[in-house]
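Have a look at the structure below, then the notes.
The values are calculated or read from the model by the stated rules, or taken from the named source; none is laboratory data. Nothing here was measured: the structure is a model prediction, and the numbers come from that model. Heads up, the Cβs are rebuilt from the backbone with ideal geometry, glycines too, and the neighbour counts pull from every protein chain shown.
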């Protein structure tokens, strides 16, 4: 199998794997961020330019470096390829620029946006972006559109990653929405204000990296970091029924699919992506309808963890008092404080 | 080395003795006169107490008192219920629920979303000012006023009726 070295870490992957997927095999800081690539959707990637990496050595056969930065999500690896991501100053500088470009037309309405707190663009901006903006011109604006009665489209927030159109293509049978117009006038739209009513259409909310497609049943209900995520499941005929239930007290505020470290939908036990159906997502919000498995662990740095105190399950034994009674081992030998018992024996007697 | 018994780390150590009092000490009269003298001297010294709330001390300009939710120059509430104040609050004193602004309410609320209820538990609040610092909309500020006392715990939970800036204060604020 061909070997590829990313940031000095060598990994062996199957021929034809993209650099991004090879990096994900290594994991950690080596992985380039991705806004448009979604491993569970065929054909996605190559649009946002956030995952560009420097290829310092093309392959063993042709060791020349590639002249330009390459999109790691759609560049297949070659044997002996050497890739620089975090170690390349060029890539870091470029990524800063790309974030600036992505934020150029993105409104600064994070305080209002329901996606805030779990938004990929927010994380990206926080990790790579600059604080100020140099953009003086007016941002493009669109009206809010209701796609069906459960999904709201804020076209102003869209970064045109095309993920939702792949959902429409690959998960639903009657595609009614897509991207119309070109350039900076391009927008996600339905076919003559057609409602998206397919059972799996709700997945476009999970797939959207920004807050362009949001759940209308959760609209302005709460902020994600005030809710507690729980893994839950129920018997569902159309989907796997494995979800994350976002609860506040004893109430379910919203249901989403379970997402992995790259904020993509997790696989179910059969290895298929566990996309969930609209009935699970929008219509079953009673706690009684779900079996709660336990709290869902978020990334350590996630704002969703705030205020959630996870107690350890180990029983704490305060053995100070017993130790005091026992005294030091050498003293015990001299003045026989507690027979010949060792500390461990006394502790087990005490319980 | 000094004697161990007379050693005083704080410098305030005093030896206690139970020796008998002299006749003059038993009379107590000189001691009473001395105490009265001290009291008398205080009559002529400047007074330390002030008559709060009629009289108020001058606070430092960075004093952090009770909160206010600002209105903009048109009288619309600035708060958009983003929850960042509650997120930053170390005492978890702030709670809120939000609503969507309806058509025709543009003069009431500045943003698309607004705080339907907004409560600060003044018994929890430690007046650290982190909410003020976190606010992206310049909506919450800590004023120079102190939070007044109350007889019941419920009185310390400040809702929007106590927090939102009064309409008549808008003009003085924009000056």
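Observations on the model:
- Region B:44-83 - residue that is within 14 Å of chain A (Cβ to nearest Cβ) and touching a strand residue (DSSP E or B) at 6+ places or on another chain (Cβ under 6 Å) and, of those, nearest to residue B:166 (Cα to Cα): B:77
- The selection criterion, being in contact with a helix residue (DSSP H, G or I) (Cβ under 8 Å, 6 or more places away or on another chain), in a loop (DSSP other than H, G, I, E, B) and either modelled with pLDDT of 95 or more or surrounded by 10 or more Cβ atoms within 10 Å (Cβ to Cβ) (or both), does not hold for residue B:65.
- Within the option set A:53, A:83, A:11, being assigned to a strand (DSSP E or B) and closer than 18 Å to residue A:102 by Cβ holds for one residue only, A:53.
- Evaluation of residue A:263 against the conditions (1) at positive phi; (2) within 14 Å of chain B (Cβ to nearest Cβ) shows that the sole unmet condition is (2).
- For region B:151-172, the criterion of a residue being over 29 Å from residue B:58 (Cα atoms), under 21 Å from the mean Cα position of the chain (by Cα) and surrounded by fewer than 16 Cβ atoms within 10 Å (Cβ to Cβ) is satisfied by at least one position.
- Elements of the type helices (runs of 4 or more DSSP H) sitting completely within region B:114-175 and holding at least 2 residues that are over 18 Å from residue B:90 (Cβ atoms): these cover B:160-163, B:170-174.
- The residue of region A:248-260 that is farthest from the other protein chains (Cβ to nearest Cβ), among those that are touching a residue at least 12 places away in the same chain (Cβ under 8 Å) and surrounded by fewer than 20 Cβ atoms within 10 Å (Cβ to Cβ), is A:259.
- Exactly one residue among A:90, A:84, A:25, A:47 is surrounded by fewer than 18 Cβ atoms within 10 Å (Cβ to Cβ), closer than 28 Å to residue A:160 by Cα, more than 20 Å from the chain's Cα centre (by Cα) and outside the structural domain of residue A:130 (by TED's automatic domain parsing), and that residue is A:90.
- So residue B:135, is it within 14 Å of chain A (Cβ to nearest Cβ) and buried (at least 16 other Cβ atoms within 10 Å of the Cβ): yes
- Test for residue B:70: is it surrounded by 18 or more Cβ atoms within 10 Å (Cβ to Cβ), touching a residue at least 40 places away in the same chain (Cβ under 8 Å) and at negative phi: yes
- Selected residue (only one of A:166, A:162 is on the phi > 0 side of the Ramachandran plot, surrounded by 14 or more Cβ atoms within 10 Å (Cβ to Cβ) and either under 20 Å from the mean Cα position of the chain (by Cα) or at pLDDT 90 or above (or both)): A:162
- Extreme residue, surrounded by the fewest Cβ atoms within 10 Å (Cβ to Cβ), among residues of region A:104-127 that are more than 14 Å from chain B (Cβ to nearest Cβ) and part of a loop (DSSP other than H, G, I, E, B): A:105
- Among residues of region B:84-113, those that are within 21 Å of the chain's Cα centre (by Cα), in a loop (DSSP other than H, G, I, E, B) and within 12 Å of another protein chain (Cβ to nearest Cβ), counted: 4
- Selected residue (criterion: modelled with the lowest pLDDT) from residues of region A:201-237 that are more than 14 Å from chain B (Cβ to nearest Cβ), in contact with a helix residue (DSSP H, G or I) (Cβ under 7 Å, 6 or more places away or on another chain) and in a loop (DSSP other than H, G, I, E, B): A:201
- Scan of region B:25-56 for residues that are in a loop (DSSP other than H, G, I, E, B) and surrounded by fewer than 10 Cβ atoms within 10 Å (Cβ to Cβ), ordered by number: B:44, B:45, B:46, B:47, B:48, B:49, B:51, B:52, B:53, B:54, B:55
- Among the residues listed as A:276, A:292, the single one being part of a strand (DSSP E or B) and more than 14 Å from chain B (Cβ to nearest Cβ): A:292
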